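Only one structure is covered here, and it is reproduced in the block below.
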Amino acid sequence: MLNDKIKEASLKENISKQFIEILGGKGDLITLEMLAEACKKQNAEFGLPDPTSEQIEETFNFYDQDQDGYLNFKEYEHMVLATLKGIAKVSKS
């Protein structure tokens, strides 16, 4: 149990660092353009193809729960955690 809480805290700390890095000192909300740039950078680091504009926009709109045109930290965190859970499911199969 304690080990799981430590892992979760570490994961949330990493998500917070990513969020701040994406913002690059430009406010406290992620724009569609910021997310697109971050996704392309992340994929390049892993040797993956760039996501399409449609994929990025669809993902952004899905996780923009308050539909204000931005991702706040909670929305971004939800997106990252859902993505990681999806990857974990695929890895197990």
Query raised in the report: Label-point separation (nm) for Asn72 and Asp50, each offset 7 Å from Cα along Cα-to-Cβ?
Result: 3.2 nm
Query raised in the report: Label points 7 Å out from Cα along the Cβ direction at Leu84 and Glu8: separation in nm?
Result: 1.2 nm
Report summary line: Candidate cut points under chymotrypsin sites (Phe, Trp or Tyr not before Pro) in segment 21-63, DSSP loop plus at most 16 other Cβ atoms within 10 Å of their own Cβ, are Phe46
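Highest first, please rank the peptides 65-75, 32-42 by the mean number of other Cβ atoms sitting within 10 Å of their residues. Kindly include the intermediate steps, with their values, before the conclusion.
Working: 65-75: 14.0, 32-42: 16.0.
The peptides rank, most packed first, as 32-42, 65-75.
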Query raised in the report: In segment 20-93, with Lys and Arg counted as +1 and Asp and Glu as -1 at Cβ, which of these residues, Ala36, Gln55, Leu81, has the Cα nearest the positive end of the dipole, that is, farthest along it?
Result: Leu81
Query raised in the report: Suppose R0 equals 22 Å; then what is the FRET efficiency for Ser16 and Asn61 from their Cβ-Cβ distance, rounded to the nearest 0.05?
Result: 0.45
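Read the figures in this text as sums done on the coordinates, not as results from a lab. Owing to the predicted nature of the structure, the values given are computational and were not obtained by experimental measurement. As a convention, Cβ positions derive from the backbone with ideal geometry for all residues, glycine included, and neighbour counts pool all protein chains shown.
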